[in-house]
Ligand SMILES: [Zn+2]
């Protein structure tokens with residue numbers, strides 16, 4: 001009798017079904033492909049990278065900042081430490097920059113308007 005009642009996920013390489021193969025360092029189920037031997041885990045994607053801040057807190061902080069609240073103001077409202085807020089800002093900013101670079105390219109420029117530059 002098999003006690004394994006979970007659905008067998010497919011190997012990302014050869015698309016054949018894989019068997020359960022222990023847990024990864026974060027406790028997520030790992031799998032091993034029966035034909036090519038590749039091991040993989042289906043860790044849920046974390047758009048915040050290595051941040052441990054819960055997504056709802058991160059969204060609250062970002063919403064407050066986007067609305068123009070100060071970092072210390074956002075700290076008081078969300079009870080997330082200002083240093084954490086700064087690190088979150090850095091991560092999100094870098095990701096936004098990469099997204100911009102990926103999505104906005106080969107834009108033909110006809111006119112350039114520059115304000116407040118006097119040299
Ligand atoms: Zn495989």
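The values are calculated or read from the model by the stated rules, or taken from the named source; none is laboratory data. Because the structure is predicted, anything quoted here is derived from the model rather than measured. Every residue, glycine as well, gets a Cβ built from its backbone with ideal geometry; the counts of neighbours run over all protein chains shown.
Things worth noting here:
- Filter result for residue 61 (more than 16 Å from the ligand (Cβ to nearest atom), surrounded by 12 or more Cβ atoms within 10 Å (Cβ to Cβ) and under 30 Å from residue 96 (Cα atoms)): yes
- Restricting 52, 43 to residues that are loosely packed, with under 11 Cβ neighbours inside 10 Å, at pLDDT below 90 and more than 16 Å from the ligand (Cβ to nearest atom) narrows the list to 52.
- Flag for residue 56 being closer than 30 Å to residue 91 by Cβ, touching a helix residue (DSSP H, G or I) at 6+ places or on another chain (Cβ under 9 Å) and free of Cβ contacts under 8 Å to residues at least 60 places away in the same chain: no
- Filtered residues of the range 11-27 (kept if surrounded by 11 or more Cβ atoms within 10 Å (Cβ to Cβ) and away from the ligand (no atom under 16 Å from the Cβ)): 23, 24
- Pair list, Cβ under 8 Å, 6 or more apart: the range 60-78 residue not assigned by TED's automatic domain parsing to the domain that holds residue 93, other residue part of a helix (DSSP H, G or I): none
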